[in-house]
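Each remark here refers to the structure printed beneath this line.
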Amino acid sequence: MSVSPPDFKVVLLGNSFGGKTCLIERYTNGRFLEGGACIATVGAAYHAKKLQACGRKLIMGIWDTAGNERYTALSRLYYRGAQAAVLCYDLTNPTSFDRVKFWLEEVKKSEEFCKIYLCGTKFDLVEENRKARRVDSDIVADYAKEFRAQVFETSSKTGYHVKELFLKVAKDYVDDTAAEHLEITFNEHVFHGCCPC
């Protein structure tokens, strides 16, 4: 059985043990891997997900990159050509949010027009114990405004906002490609309209 190529590429970036692999596992397979079943990604892992957004059937190619610093150079290979980057941080670990700035700079070096989404993971831990939250949502919102990013807080354990995150990524892709198509059509029309031939 041949697999169709993806319509668009999404890359997940963030620190090791920040919840990227579990987030993808919840979205693509509808399950949560309990107690250490989610092992750290080495290099990158690829997943394809069929979905429908804005009336279009799509295949989303999702790259789960290694968060370990020693794999940073290797990770760059995987986010080239990405239309969207989901920058993940653990809501219970402020260092993981500090590192989001690094990942943003990395993506923008390769893909200037890549859409950015900030994803706070492990919301279930914060919901169980409000004192567990170590990343202030107001600080995240202010940071996101700087580069017009969407912010999601998710739980791979409960599924909270996981589908919503990826559906928003897909809808934005559809909207962007429709806008590009309109712009190309408009430019062709203007060009042909003023041609002296």
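The values are calculated or read from the model by the stated rules, or taken from the named source; none is laboratory data. None of the values given here were measured: they were computed from a predicted structure. FYI the Cβ positions are ideal-geometry reconstructions off the backbone, even for glycines, and counts take in every protein chain you see.
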Residues being closer than 11 Å to residue 91 by Cβ and of a type in the set (A, V, I, L, M) - total across segment 119-155: 5
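Each row is one residue, and each column tells you yes or no for (1) modelled with pLDDT under 95; (2) more than 19 Å from the chain's Cα centre (by Cα); (3) closer than 20 Å to residue 18 by Cα; (4) among the aliphatic types (A, V, I, L, M).
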| position | (1), (2), (3), (4) |
| --- | --- |
| 88 | no, no, yes, no |
| 116 | no, no, yes, yes |
| 126 | no, yes, yes, yes |
| 148 | yes, no, no, no |
| 161 | no, no, yes, no |
| 171 | no, no, no, no |
| 180 | yes, yes, no, no |
Checked against (1) within 25 Å of residue 60 (Cβ to Cβ); (2) modelled with pLDDT of 95 or more; (3) surrounded by 15 or more Cβ atoms within 10 Å (Cβ to Cβ), residue 103 satisfies every condition except (2)
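Which is acidic (Asp, Glu), more than 19 Å from residue 28 (Cβ to Cβ) and buried (at least 16 other Cβ atoms within 10 Å of the Cβ), of 128, 146, 153? Talk me through it step by step, then tell me what you get.
Numbers: 128 fails: buried (at least 16 other Cβ atoms within 10 Å of the Cβ); 146 fails: buried (at least 16 other Cβ atoms within 10 Å of the Cβ).
Result of the check over 128, 146, 153: 153.
Which count do you get for residues in segment 125-158 that are small (Gly, Ala, Ser) and touching a helix residue (DSSP H, G or I) at 6+ places or on another chain (Cβ under 9 Å)? Spell out how you get there, then give the answer.
Here is the first cut: in segment 125-158, the residues small (Gly, Ala, Ser) are 132, 137, 141, 144, 149, 155-156.
Going one step further and asking which of them are touching a helix residue (DSSP H, G or I) at 6+ places or on another chain (Cβ under 9 Å), we end up with 132, 149, 155-156.
Final tally of qualifying residues: 4.
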